[in-house]
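Data block below; observations after.
Taken together, the values in this text are just the output of simple stated rules run on the coordinates, not laboratory data. Quick caveat, the model's predicted, so the values are computed rather than measured. Don't worry about glycine lacking a Cβ; one is built from the backbone with ideal geometry, like all the others, and counts go over all protein chains shown.
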Amino acid sequence: YRTANDDATFREGLADVCAAIAYLVEHSDDYKIVADGVALWGESAGGYLAALTATTCTPVVPVRAVVTIVGGTDVRQISDGFADAAAGAWRDPRSPPARYIGSPPPQVANPVAQVGPSTPPFLLMHGEDDRIVSPRQSLIMHRALVAAGVPSRRVVLGQAGHGMLGFHRNDNKVWT
């Protein structure tokens, strides 16, 4: 999917994911897959797009489950719980996340705002010491899903960071 590095916005990323699903369904015989539904999995920005796809996109087949690992789910509160310097980086309109999502983020870019009874089940995973996407993001989504009657499980790994995307090569908090 396209990212801010491609001068794209979340709208293009969402279109890419929906197009990929349509492509797989169209070519299901070629790939020998049963195309009666999909499960989406993503890490970090991919987790955000998996959640956004499941809550806003109407793909050609139903989304039956979502796994999001360290993904943003409420972009309006993405920096809540971070120190001022980290929060400021998220709010800077020149930052990649702000360029990708918008500053301020539009409501349509917010997966949690789109949750309803037909939202598929979610597995939300987060590192307790994630310093890129606050662990509060998975909690916000989990609570919204449960309130809508959607099956949801949230797993928080103690002392873990931002999945495979640690700050440094020797980051011992990498866990995916």
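Before rounding to the nearest 500, sum -39500 (n - 2.57) across all DSSP H runs of length at least 4 in the chain and divide by the residue total; then give [θ] at 222 nm in deg cm²/dmol.
On the way: 6 runs with 59 residues, N = 176.
Per the formula, -10000 deg cm²/dmol.
For the chain, give the share of DSSP beta bridges that are antiparallel, in percent and rounded to the nearest 5; count only bridges with both residues there.
0
Whats the longest run of the chain with zero trypsin sites (Lys or Arg not before Pro) that are DSSP loop and have at most 12 other Cβ atoms within 10 Å?
Working: sites that count: K32, R94, R169.
Result, exposed sites excluded: 95-168.
What number, in percent, do you get for the relative contact order of the range 13-72 if the mean sequence gap of Cα pairs under 8 Å and at least 6 apart is divided by its residue count? Intermediate results must be reported in sequence, preceding the final value.
Details: 90 pairs, mean separation 24.7, N = 60.
Taking the mean separation of contacting Cα pairs over the length of the range 13-72, I get 41 percent.
Quick one: what do you get for the range 12-163 if you divide its Cα Rg by 2.2 N^0.38 Å?
Details: Rg = 15.6 Å, N = 152, 2.2 N^0.38 = 14.8 Å.
Dividing the Cα radius of gyration by 2.2 N^0.38 Å gives 1.05.
Please tell me the relative contact order of the chain in percent, rounded to the nearest whole number, where contacts are Cα pairs under 8 Å and at least six residues apart. Provide the component values of the computation, followed by the final result.
Numbers: 338 pairs, mean separation 34.8, N = 176.
Computed over the chain, the figure is 20 percent.
With θ set to phi - 60° and the Karplus curve 6.51 cos²θ - 1.76 cosθ + 1.60, what are the ³J(HN,Hα) couplings of the range 100-116 in order, to the nearest whole Hz, using x for Gly and Pro?
Result, ordered by residue: 6, 9, x, 9, x, x, x, 4, 5, 8, 9, x, 4, 6, 9, 5, x Hz.
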